[in-house]
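Below is one structure; the comments refer to it alone.
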């Protein structure tokens with residue numbers, strides 16, 4: 001276990017705040033090269049990406065996917081321990097990225113090292129897709145790696161993304177899908193004027209109040225047995241000059257819809273435009289699509305993963321599609337057998353982020369067990 005602890009600590013001690021990797025990936029690459037992995041570095045702009053390959057790519061291909069980048073620490077003085085020291089206390093490793101997701105990365109490395117020490121030859125390949133751009137704008141990260149795989153005609157038969165999916169105890173939740181994410185940036189254009197002469201102006205705030213009320217009340221879809229209902233949420237509103245006697249000339253709204261497979265991004269856009277057009281507003285609207293819904297339904301692979309978790313932890317696992325988006329949304333375009341599985345997420349993105357040492361040790365055993373079951377069932 002000391003090797004695992006040392007690796008997690010080593011990774012945490014690199015301040016790899018998205019998208020700047022600061023050589024964090026070199027720690028992983030060094031370990032993988034010692035095992036005989038072939039490394040392909042695919043940097044793009046400020047982002048570091050790499051692909052690691054071992055085994056016969058013509059057979060079953062298994063991928064671990066993850067990210068070395070972390071979110072900013074916020075106010076460092078609010079942390080109990082320095083966020084990039086990797087302090088060990090009371091069975092936990094503390095630091096930014098401990099749970100999201102440097103603990104998972106270390107568990108993947110240890111799992112592969114142990115698997116290969118006992119399985120010199122197996123029918124397939126083990127691969128890593130690692131990026132330093134997941135926590136922020138992610139277009140320069142995993143999509144670049146996937147384009148390379150597509151160009152080289154390298155398939156992804158099975159994939160585990162190491163996102164922190166567990167809630168109460170390790171392995172209680174496997175993400176086998178996520179809702180899609182669509183963001184709209186809306187500008188409602190009115191006419192600026194003196195607040196005492198509203199008949200000479202056109203207040204965009206009043207228009208926005210009516211429209212947003214309609215959009216938030218709209219029943220986008222009810223979801224289904226596997227997905228929550230679609231949700232419309234406003235995240236930002238800005239209008240006004242700061243003066244108390246001026247009707248603003250325009251209002252800007254940022255909103256997001258998390259949507260299930262029961263509705264498409266195209267349908268959502270049409271509905272929003274219909275509301276706006278029916279209100280006879282002058283407006284501008286741009287869209288950013290962060291990913292379609294994905295859903296892994298291959299029971300054979302899901303059962304295998306659940307079986308391994310139950311055998312090693314003696315606890316049940318549930319399948320879930322709740323939560324935010326991850327890089328799995330990109331991988332889903334190339335892989336039908338895709339899950340997200342990692343440690344407890346209670347402290348991710350928070351001050352005093354930490355992860356249980358025992359959980360990371362058990363996670364490594366789970367990853368190794370999945371590799372063993374998968375390649376010995378072929």
**Request:** Rounded to the nearest 10 degrees, what's the angle between the helix 103-118 long axis and the longest principal axis of the chain, both from Cα atoms, 0 to 90?
**Result:** 30
**Prompt:** Share of antiparallel DSSP beta bridges in the chain, in percent to the nearest 5?
**Reply:** 70
**Request:** Round to a whole angstrom and tell me the spacing of the C-alpha centers of region 162-200 and region 321-338.
**Result:** 19
**Asked** Based on the Cβ-Cβ distance from residue 234 to residue 336, what FRET efficiency comes out when R0 is 56 Å, to the nearest 0.05?
**Response** 0.95
**Message:** Give me the one-decimal nm value for the distance between modelled label points at residue 246 and residue 197, 7 Å along each residue's Cα-to-Cβ direction.
**Reply:** 1.6
**Request:** Round to a whole angstrom and tell me the spacing of the C-alpha centers of region 249-275 and region 106-153.
**Result:** 34
**Request:** Measure nothing but the geometry: give the 0 to 90° angle between the long axis through the Cα atoms of 204-217 and the longest principal axis through the Cα atoms of the chain, rounded to 10°.
**Result:** 50
**Prompt:** Taking a spot 7 Å from the Cα of residue 169 along the direction of its beta carbon, which residues of region 286-315 have an amide N less than 15 Å from it?
**Reply:** 309-315
**Asked** Which value in deg cm²/dmol, rounded to the nearest 500, describes the helix-derived mean residue ellipticity at 222 nm for the chain, given -39,500 (n - 2.57) per DSSP H run of n ≥ 4 and division by the residue count?
**Response** -9500 deg cm²/dmol
**Complete:** Kirkwood Rh over alpha-carbon pairs of region 180-291 plugged into Stokes-Einstein at 37 °C, 0.692 mPa s gives a D in µm²/s of 219
**Asked** Mean projection of the alpha-carbon convex hull of region 206-365 over all orientations, in nm²?
**Response** 13.5
**Message:** Once you keep just the Cα pairs under 8 angstrom separated by 6 or more residues, what percentage relative contact order results for region 180-291?
**Reply:** 44
**Request:** For helix 357-375, report the angle its Cα long axis makes with the longest principal axis of the Cα atoms of the chain; keep it between 0 and 90° and round to the nearest 10°.
**Result:** 70
**Prompt:** Given R₀ = 41 Å, FRET efficiency for residue 22-residue 361 by Cβ-Cβ distance, to 0.05?
**Reply:** 0.95
**Rough spin-label spacing in nm, given labels placed 7 Å along Cα→Cβ, for residue 322 and residue 297** = 2.3
**Stretch gain in nm, segment residue 352-residue 269, where the contour uses 0.36 nm per residue and the Cα spacing is subtracted** = 25.9 nm
**Message:** Two decimals, Cα atoms only, Kirkwood Rh: what is Rg/Rh over region 48-122?
**Reply:** 1.10
**Prompt:** Once the mean 1/r over all distinct Cα pairs of the chain is inverted, what Kirkwood radius in angstroms do you read off?
**Reply:** 22.5
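Computed from the coordinates by the stated procedures, all read-outs in this text should not be read as laboratory data. On a predicted model such as this, the values are computed, not experimentally measured, just so you know. So basically every Cβ, Gly included, is an ideal-geometry build from the backbone, and we count neighbours across all protein chains shown.
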